[in-house]
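Trainee: Submitted below is the structure of interest, expressed as structure tokens.
The values are calculated or read from the model by the stated rules, or taken from the named source; none is laboratory data. Please read these numbers as outputs of a predicted model, since none were measured by experiment. Every residue, glycine among them, receives a Cβ derived from its backbone with ideal geometry; neighbour counts consider all protein chains shown. These accessible areas exclude ligands, DNA and RNA; they are computed on the full protein's heavy atoms, side chains included. Shrake-Rupley method; radii C 1.70, N 1.55, O 1.52, S 1.80 Å.
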Amino acid sequence: MPSEEDVIELSGRVAKILLENGAETSRVEGTAEYIGRAAGLELSCHATMTAVFVDAQTEAHTHLIKVRTGDFNLQKVDEINSVSRQFVAGHLSFDDLQRRIAAIDRKVIDFTWVQKIIGAGLVSIAPMLLFKATWGDLAWAFGVGIAGYLAAQWVGHQTKTPYITSAVGGFTIAVLAVLLVHLDWAVSSDNIIISALMPLVPGVALTNSLRELIGKHTISGMVRAVDAILVAVAIGGGVVLGSVLVQLVMGA
């Protein structure tokens, strides 16, 4: 049988991985408590956006884990869910679960740059299908969306300043879209901008914030919602600045 310290530590580690990679707090707390119960220990887990608290009802101390959320990786969330369900169902021993969790935590799950670029382009053209856009604008949205995504990624590797990547991505998209219309190479800059912004939109954060609020996790839901709103404001500010700048330059 695993010791209480081992169960609490592993449950906290699982909760940390889930929270860092985009899981909602109800899933984080539930998974940690299920693992403890399956290991023969009644746990209580409370998760916020910056910390996870895990304690056993038989112990007087609380295990605290600091959490720093960043980019979401839902594939890790899926893998943690799979192994935790196998453990709860009795298909994995506690030692096996520890090894699997450690491997998932160390694992770097990412896509190649070619896949990311193509994905950004495809996401950018999807809304254009609703706008009755021309084939030319559809093609331009593909390219402009990729350019905005690459600009945001490049800035993200240069600085850790929050929200600057979103602003630069929106600025790049607006400049290119408005410039294309001024050169008579495209028809609607609005359609291109709206579509090309899709890779930058914080869709997961918005969805999770609503799920948190509906589930009565008010603090986490509000934090996620405010973060998503700030990202949207940064994108909008970049778009406005880029559009105005091109208008001024082309009108001069």
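Trainee: Which numbered condition trips up Val155, out of (1) in contact (Cβ under 8 Å) with a residue 40 or more places away in the chain; (2) open to solvent by less than 20 Å² (accessible area, probe 1.4 Å)?
Mentor: The number of the failed condition is (1).
Trainee: Being among the small types (Gly, Ala, Ser) and within 13 Å of the chain's Cα centre (by Cα) is the filter; apply it to the stretch 186-225 and report the residue that is surrounded by the fewest Cβ atoms within 10 Å (Cβ to Cβ). Break it down into steps so the answer makes sense when it comes.
Mentor: Here is the first cut: in the stretch 186-225, the residues among the small types (Gly, Ala, Ser) are 186, 188-189, 195-196, 203, 205, 209, 215, 220-221, 225.
Now restrict to residues that are within 13 Å of the chain's Cα centre (by Cα): 203, 205, 209, 225.
Working: Gly203: 13, Ala205: 22, Ser209: 23, Ala225: 17.
Across the stretch 186-225, the extreme among qualifying residues is Gly203.
Trainee: Would you check if Phe131 is open to solvent by 60 Å² or more (accessible area, probe 1.4 Å), at pLDDT 85 or above and touching a helix residue (DSSP H, G or I) at 6+ places or on another chain (Cβ under 7 Å)? It would help to see each step written out before you state the result.
Mentor: On the way: open to solvent by 60 Å² or more (accessible area, probe 1.4 Å): yes; at pLDDT 85 or above: no; touching a helix residue (DSSP H, G or I) at 6+ places or on another chain (Cβ under 7 Å): yes.
Considered against the rule, which asks whether it is open to solvent by 60 Å² or more (accessible area, probe 1.4 Å), at pLDDT 85 or above and touching a helix residue (DSSP H, G or I) at 6+ places or on another chain (Cβ under 7 Å), Phe131 comes out as no.
Trainee: Identify, from the list Ala177, Ala147, Ala141, the residue that is at pLDDT 90 or above, in contact with a Phe, Trp or Tyr (Cβ under 9 Å, 6 or more places away or on another chain), over 27 Å from Thr48 (Cα atoms) and of a type in the set (A, V, I, L, M).
Mentor: On the way: Ala147 fails: in contact with a Phe, Trp or Tyr (Cβ under 9 Å, 6 or more places away or on another chain); Ala141 fails: in contact with a Phe, Trp or Tyr (Cβ under 9 Å, 6 or more places away or on another chain).
On inspection, the qualifying residue turns out to be Ala177.
Trainee: List the strands (runs of 3 or more DSSP E) inside the stretch 17-113, counting only whole elements, that have at least 1 residues being within 18 Å of the chain's Cα centre (by Cα) and surrounded by fewer than 19 Cβ atoms within 10 Å (Cβ to Cβ). Steps first, answer last, please.
Mentor: Numbers: elements: 43-47, 51-56, 62-66.
Because the criterion is at least 1 residues that are within 18 Å of the chain's Cα centre (by Cα) and surrounded by fewer than 19 Cβ atoms within 10 Å (Cβ to Cβ), the strands (runs of 3 or more DSSP E) in the stretch 17-113 that meet it are 51-56.
Trainee: Continuing with the same structure: Test each condition in (1) surrounded by fewer than 18 Cβ atoms within 10 Å (Cβ to Cβ); (2) among the β-branched types (Val, Ile, Thr); (3) more than 20 Å from Val246 (Cβ to Cβ) for Ile125 and report the one that comes out false.
Mentor: In the conditions (1) surrounded by fewer than 18 Cβ atoms within 10 Å (Cβ to Cβ); (2) among the β-branched types (Val, Ile, Thr); (3) more than 20 Å from Val246 (Cβ to Cβ), Ile125 misses (1) alone.
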